[in-house]
Every structure is written in C-alpha cells, then in structure tokens.
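The values are calculated or read from the model by the stated rules, or taken from the named source; none is laboratory data. All figures in this text were calculated on a predicted structure; none of them were measured in a lab. Note that we place each Cβ from the backbone using ideal geometry, even for glycine, and neighbour counts take in every protein chain shown. Calculation scope for accessible area: heavy atoms of the full protein, side chains included, ligands and nucleic acids excluded. Shrake-Rupley method; radii C 1.70, N 1.55, O 1.52, S 1.80 Å.
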Amino acid sequence: MTLMKTNRRLVLARRPDSLPDASTFRRDDGAIPEPREGEFLVRNVFLPVDPGMRPVLSDVRIGADEFEPLALGALVGYLTVGQVVQSRDPAFAPGDWVTDILFWQDYAVTTALTARKFDPQELSPTTWLGILGVPGLSAWTGLITLAAPQPKETLVVTSAAGAVGSLAGQIGRNLGCRVVGVAGGAAKCRFVKDELGFDEVIDYRSVTDIGAAVRHACPQGVDILFDNVGNAMVDAMLPVMRRGGRITLCGQIADYHLPPAARPGIKNTNRFITHRLSMRGLFVYDHAAQFPQALGQMTQWMREKKLILSETIVPGFDQLPAAFARLFTGETMGRTIVRIDGD
Ligand SMILES: NC(=O)c1ccc[n+]([C@@H]2O[C@H](COP(=O)([O-])OP(=O)(O)OC[C@H]3O[C@@H](n4cnc5c(N)ncnc54)[C@H](OP(=O)(O)O)[C@@H]3O)[C@@H](O)[C@H]2O)c1
C-alpha cells in the first residue's frame, strides 16, 4: 500500500478555559514510524470523538490521586480503528482491520499485545468504536455491574440520545426495566422514544423543573439513575429516588468545563439515608473481566436488532476539533466518528 508523505498528528496546544475550540489543538505532523520485528504499522481510518477526553485537557486536579492532565504538546485522542499497511508480525497482514489506542494521527506502530483484529464482513468497522467499544462497554458495566437492574424497575438515563445513554437505556429495556430518557430537544426526544423504544422521554430544555418532570414521568419513583450529565441533574433527581435506589455516575459533561469551585453541589444527600440509596462512579476499564460477557450479550442483541446506535461519520482529519467541540453544544446524536482516509 502507498503511504502518505507525512503523518498528520493533533496535539494539545492550549488548555481550554471553558468549551474546547479549534485553538485547543494544533497539527504537529511527523515522519511515518517504521515497524520493527514483531510490530506492524496501522493507518487509522475511523477516529471517534469522546467527551471523556475533555477533563484531561484541563489541569483541575483536586487531590494528588486525580487523573494526570494531558501534557501540552501530547498527542490527543484514544481508541481508533484502522488497517494494517506494513507488518513484521506474521499474524497481521496488510489489509487486516484492527482496533487499538492509536490516537488522532494517520499512522501508528503497534503490536498484537494491544491491537484487536476483527473481520469487517461480520460487523462494520465502526461497531468497535460504538456498541462494542467504550460506549457499549460503559453502558453495559455501568448499568449491569454497578446497578444490577431488575425487571419492572424504573431506570432513568440522562443524555439519552448520546452514545452511552442511548445504549444504557436499550440495555435496561432489554432486561425488562421501564426506561425514561432525558434528552435535549424535540428531535432527540422523538428518536429516543420512537427509534430506541424508551417508555418515556423528557426534553430537559423545555422544562423548568427537571425533578418535577421526572416525578411526573415516574409516579412510583426511580430505582436506577444512570447519569451522564453532572451534579445538578443528580441533585434534582435525588428526591425522586425510591428506597434501595442505585445511581451510576458515568459522566459529567455539564461540569467538565467548570473549575471545581464553580461546579454545582449535590445537596439532597439526606435521601441517601432515608431511602438507603447508593451511588457508584464508573471507570469502565475496572471491569475488563466482564468485557467478554458484555461483548457476547451486546453482539447477540445487535443481531436481534435490540441494540442500535445512531452514527454520524464526518469526513476529514481537520474536522476533528470541530466534531469534538460539537459534543458540548448538544449538536450531536449517538456516536460521532471522523473518517480520515479520504483526504
Ligand atoms: N466513566 C466511564 O468510564 C466513561 C466511559 C465513557 C464515557 N463516559 C462519559 O459518559 C458520558 C456519555 O458519553 P458519550 O460518549 O455517550 O457522550 P454523549 O452523551 O453523546 O455526549 C454528548 C451529548 O451530551 C449532552 N450534553 C452536552 N452538554 C451538556 C450539558 N451542559 N448539559 C446536559 N447535557 C449536555 C448533549 O446531548 P443533549 O442535547 O441531550 O443535552 C450532547 O449531544 C460522557 O460524560 C463521557 O465522558 C464515562
């Protein structure tokens, strides 16, 4: 395969004060690396944009054991999907499709230790960045491992039209829960109810009191809250939680931009005592032992059309910063993936 002349790379240029924009990143192109014995060179094709990258772009450590921020000048991005173009490992041939942590760049050298080979005839390559990637694994482990849903329980999912939220809600529905989604705007709400099959949906942009809206949609109360949004959302829903309720904190997209002192607090903590609630934070990779089970069950549901994910493919390497910024303005639905092999 013919290689490009240089390796386009995006690095962290400036820590964003608030929302990320084009000035957050800069191009830092380099030479295409060469594989050594046992290694192979991958050309990235699909690069997803993840809100989870936002916290490490800032340096807002509250304690010594917080995540290290990304260094200025460091490569950004995370998991990608691409094709092998040169190989010095007999188990990987040019043309093979792999998924690995190869960041926002055209080419990367890697090995069988971290790369996962897959057959693109079985499932489309982007499935490994969506249902069978971090969003699906976060939804499955955040709901099943941390919150143990039971049939007929009421589950509320925030950012319900997003990648993780849309999957968490469908998983809950597949397990027999009554599922209520919270999403922004009429189009997303229609999608959540009509296409994803949630029982109810609340447009949080059109209500003044989200707690009251959830109470109205869940007259018996909420057994499980799967939150992707942040402290204000959790606080508003605490008074609606039922006895023995479980809360999974998966993401805090509304709070990522705020310095710790400016983040909303959670005040309704008395409910934890009166209603024996528990709240657990998800770090998806803590649950790697369960990934085979999760992947098996989600593949089965996908084949039965019981698990779908809306995907937007944006062409062009230089679109990565704008696609990332759109996550925080509510313009995205499902998973956004940038395709970089056409330019
Ligand atoms: N804990 C883990 O291991 C783990 C793993 C993966 C992801 N995550 C986290 O899980 C969350 C979901 O990830 P995702 O990839 O599926 O992202 P996502 O939910 O698709 O994120 C984009 C959506 O977030 C919503 N949003 C943006 N700003 C908001 C605000 N200020 N208030 C309320 N909603 C806002 C918007 O939808 P609306 O228009 O509906 O508001 C937007 O379209 C993220 O916070 C991510 O960081 C955690």
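One table, with the values for the structure above:
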read-out	value
With at most 13 neighbouring Cβ atoms within 10 Å, loop chymotrypsin sites (Phe, Trp or Tyr not before Pro) (DSSP) excluded, longest segment of the chain	68-282
Mean separation of Cα contacts under 8 Å (6+ apart) over length of the chain, as relative contact order %	17
Under the Karplus curve 6.51 cos²θ - 1.76 cosθ + 1.60, θ = phi - 60°, whole-Hz ³J(HN,Hα) for region 24-33, x wherever Gly or Pro sits	5, 10, 9, 6, 9, 5, x, 6, 7, x
For region 274-343 and region 98-167, distance of Cα centres in Å	5
Where trypsin sites (Lys or Arg not before Pro) fall in DSSP loop in region 279-312, at most 16 other Cβ within 10 Å	LYS305, LYS306
Overall dimensions of the chain as given by Cα atoms, namely Rg and Dmax in Å	20.6, 66
Restricting region 1-59 to trypsin sites (Lys or Arg not before Pro) in coil, as DSSP defines it, with at most 11 other Cβ within 10 Å	LYS5, ARG36
Cα gyration tensor shape of region 182-277, rounded if a/c is under 1.5, else prolate or oblate by comparing a/b with b/c	oblate
Globularity ratio of region 108-254, using Cα Rg and 2.2 N^0.38 Å	1.11
For PHE25, net neighbour charge (Lys/Arg +1, Asp/Glu -1) across residues whose Cβ lies under 11 Å away	+1
Computed P(r) (all Cα pairs; region 32-76; 5 Å bins; percent)	5, 16, 17, 16, 15, 14, 11, 7, 1
Antiparallel content of DSSP bridges confined to the chain, in %, to 5	50
Protein accessible area in region 25-80, 1.4 Å probe - carbon and sulfur %	53
Per residue value of the accessible surface for region 79-197 (all protein chains in place, 1.4 Å probe), Å²	34
Sites excluded, GluC sites (Glu not before Pro) in DSSP loops with at most 10 other C-beta within 10 Å, longest stretch of the chain	123-303
log10 of Debye I(q)/I(0), alpha-carbon scatterers only, for region 227-277 at 0.18 Å⁻¹	-0.57
At R0 = 25 Å, FRET efficiency that the Cβ-Cβ distance of GLU34 and ASP343 yields, to 0.05	0.60
Region 53-201: relative contact order in percent, alpha carbon pairs under 8 Å with at least 6 residues between	13
Heavy-atom accessible surface of region 84-181: percent carbon and sulfur, 1.4 Å	55
